[in-house]
1. Could you tell me how far the Cα centroid of the stretch 97-119 sits from the Cα centroid of the stretch 1-36, in Å?
2. Roughly what angle does helix 103-116 make with the longest principal axis of the chain, taking Cα atoms, 0 to 90 degrees, to the nearest 10?
3. How would you classify the stretch 9-111 from its alpha-carbon gyration tensor, with a ≥ b ≥ c the square roots of the eigenvalues: rounded for a/c under 1.5, else prolate if a/b is greater than b/c, otherwise oblate?
4. Excluding residues fewer than 8 places away in the same chain, name every one of the aspartates and glutamates whose C-alpha is closer than 17 Å to that of LYS6.
5. Restricting attention to the stretch 47-105, which GluC sites (Glu not before Pro) occupy a DSSP loop and are surrounded by at most 13 other Cβ atoms within 10 Å?
6. If you take the square roots of the eigenvalues of the alpha-carbon gyration tensor of the stretch 4-66 and sort them as a ≥ b ≥ c, do you get rounded (a/c under 1.5), prolate (a/b over b/c) or oblate?
7. What 222 nm value per residue comes from the helices of the chain, counting each DSSP H run with n ≥ 4 as -39,500 (n - 2.57) and dividing by all residues, nearest 500 deg cm²/dmol?
8. Using Cα pairs closer than 8 Å and at least 6 residues apart in sequence, work out the relative contact order for the stretch 4-66, in percent.
Amino acid sequence: MTDNIKVGKMIALLRSQKGITQAELGERLGVSFQAVSKWERGETLPDVSLLTDLADVLETTVDFLLRGGETNVTFKGKISVADMIEGINCLKNMGILLGKENIIYRHAIDGINQGMNTDIEAAFQDDFIFEAFVAEAIIQKLKAGYFVDTTDVKRNFKHEHFRNIALDRVGKYNIK
């Protein structure tokens with residue numbers, strides 16, 4: 001269901017970011033500034049015949065506008081905590097197998113450290129830090145449209161802090 005208020009706020013935000021007044025947007029679309037104002041207040045929605053032109057002017061998509069800026073996440077599959085743990089352990093094993101000074105390993109680790117502003121190698125030595133990375137891996141998969149069972153999360157996290165963070169995000173992002 002389309003939320004007029006969210007749509008209106010998104011139109012106002014995008015219009016403002018472009019430095020376009022309501023009158024200028026109305027002129028470009030062949031409607032009055034009052035019509036634009038009503039859209040932005042959530043009183044009405046733009047006519048269907050205007051949506052593609054409106055999206056073009058605001059340099060977005062009709063879908064993005066009608067969802068009020070929310071993205072549509074499509075279910076992509078189920079993940080397990082064990083798989084996330086294994087994925088992070090693969091990084092650790094890469095350092096063992098290739099050597100910690102190997103350029104491939106160094107670039108992978110340096111990229112993670114720089115992108116996350118942290119030290120993933122510390123996680124290889126400390127299970128509390130390790131679980132922080134597991135929780136982050138789960139959160140990123142949830143945001144991308146994957147599902148994880150809450151029982152799996154409860155069973156496989158040792159530290160309550162990260163279990164609760166993961167469960168909070170499961171509640172927010174999990175696709176039923």
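1. Here the two parts' Cα centres lie 46 Å apart.
2. Approximately 50 degrees, to the nearest ten.
3. Numbers: a/c = 4.96, a/b = 2.89, b/c = 1.71.
Prolate shape, in that a/c is at least 1.5 and a/b is the bigger ratio.
4. By straight Cα distance, LYS6 reaches GLU40, GLU43, ASP47, ASP63, GLU70.
5. Working: sites: GLU59, GLU70, GLU86, GLU101; in loops: GLU59, GLU70, GLU101.
The qualifying sites are GLU59, GLU70, GLU101.
6. Values: a/c = 1.15, a/b = 1.05, b/c = 1.09.
Rounded shape, in that the Cα axes give a/c under 1.5.
7. It comes out at -20000 deg cm²/dmol, rounded to the nearest 500.
8. Details: 65 pairs, mean separation 25.1, N = 63.
40 percent.
Each reported figure results from applying straightforward, stated rules to the coordinates on display, with no laboratory input. Predicted, not measured: the structure shown is a model, and the values here were computed from it. Cβ atoms come from the backbone with ideal geometry, glycine included; neighbour counts cover every protein chain shown.
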